[in-house]
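A.B. asks: My questions all concern the structure below.
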Amino acid sequence: MNRRTFLLLSSGLLAAACAPSVSPPQIGPDGKPLPRVYRINDGDSGKIEYSMLDSVNALRQARGVQGVSLDSKLNAAAATHSRDMSVQNRPWHFGSDGSSPIDRVQRVGYSGRLLGENISETYESELETLAAWMEDAPTRDVILDPSARQMGFAWFQEPGGKIWWTLVMGAPDLAPTPGSQTAGF
């Protein structure tokens, strides 16, 4: 009997030692789990763009606002700014050359009106970033602007995993104006 108990205990301990260990999530000072790094692979870009577009349009539809479409020029302006924020290592609306969001959309040849720009520095996914933007009134207003008909969306991910997100909303049927709204989270 002792031998059988010993063998059962030994095999149980051996099996437990071979099982993969799952580490509990790390907890931040606010008591919430720390975010895990969201890795973007080369083949994910289309999926991410359309995931964001579909999510933005779902939010706009829920508010009774017309949907938007992706615009290649606004995407280019957003991509330029995402990379530039990484170079500057700070999330803000001005480029390293002093350019404003209006300057960037004009440089790529966008002839409509820039309605706003949302930015973020995070390790989180596009949908987690969108959720954070929707919790803040100024960034939410950019996303839900009823004049918006086009959207630009891009990111730059650093080797360490940090992602610089930029979302730009535009109205192609409105004349460009110097007074544009910018927001960031």
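The values are calculated or read from the model by the stated rules, or taken from the named source; none is laboratory data. What you are looking at is a predicted structure, and each value in this text was computed from that prediction instead of being measured. Every residue, glycine among them, receives a Cβ derived from its backbone with ideal geometry; neighbour counts consider all protein chains shown. Keep in mind that these areas ignore ligands, DNA and RNA; they rest on the heavy atoms of the full protein, side chains included. Shrake-Rupley method; radii C 1.70, N 1.55, O 1.52, S 1.80 Å.
A.B. asks: Work out from phi, with θ = phi - 60° and the Karplus expression 6.51 cos²θ - 1.76 cosθ + 1.60, the ³J(HN,Hα) of each residue of region 98-113, listed in order in whole Hz, and give x for Gly and Pro.
C.D. replies: x, 5, 9, x, 4, 4, 5, 6, 5, 4, 8, x, 6, 9, x, 9
A.B. asks: Which whole-number percent gives the relative contact order of region 34-165, counting Cα pairs below 8 Å spaced six or more residues apart?
C.D. replies: After rounding, I find 38 percent.
A.B. asks: Next up: When the dipole is taken about the Cα centre of region 48-185, and only Lys, Arg (+1) and Asp, Glu (-1) are charged at their Cβ, what size is it in debye, to the nearest 20?
C.D. replies: For region 48-185, the charge dipole is close to 320 debye.
A.B. asks: Nearest 0.05, what FRET efficiency do Leu127 and Val37 give at R0 = 22 Å with Cβ-Cβ as r?
C.D. replies: For Leu127 and Val37, the calculated efficiency is 0.90.
A.B. asks: Ok, one more. Arrange the residues Tyr38, Tyr110, Tyr50, Tyr123 by how much accessible surface each exposes, largest first, with a 1.4 angstrom probe.
C.D. replies: So the residues, ranked largest to smallest area, are Tyr50, Tyr123, Tyr38, Tyr110.
A.B. asks: Next up: Straight-line reach only, C-alpha to C-alpha below 21 angstrom: list the lysines that Lys73 could link to, leaving out same-chain residues fewer than 8 apart.
C.D. replies: Those lysines meeting the cut-off are Lys47.
A.B. asks: When only the heavy atoms of the protein chains count and the probe is 1.4 Å, how do Asp103, Asp97 rank by accessible area, highest first?
C.D. replies: Asp97, Asp103
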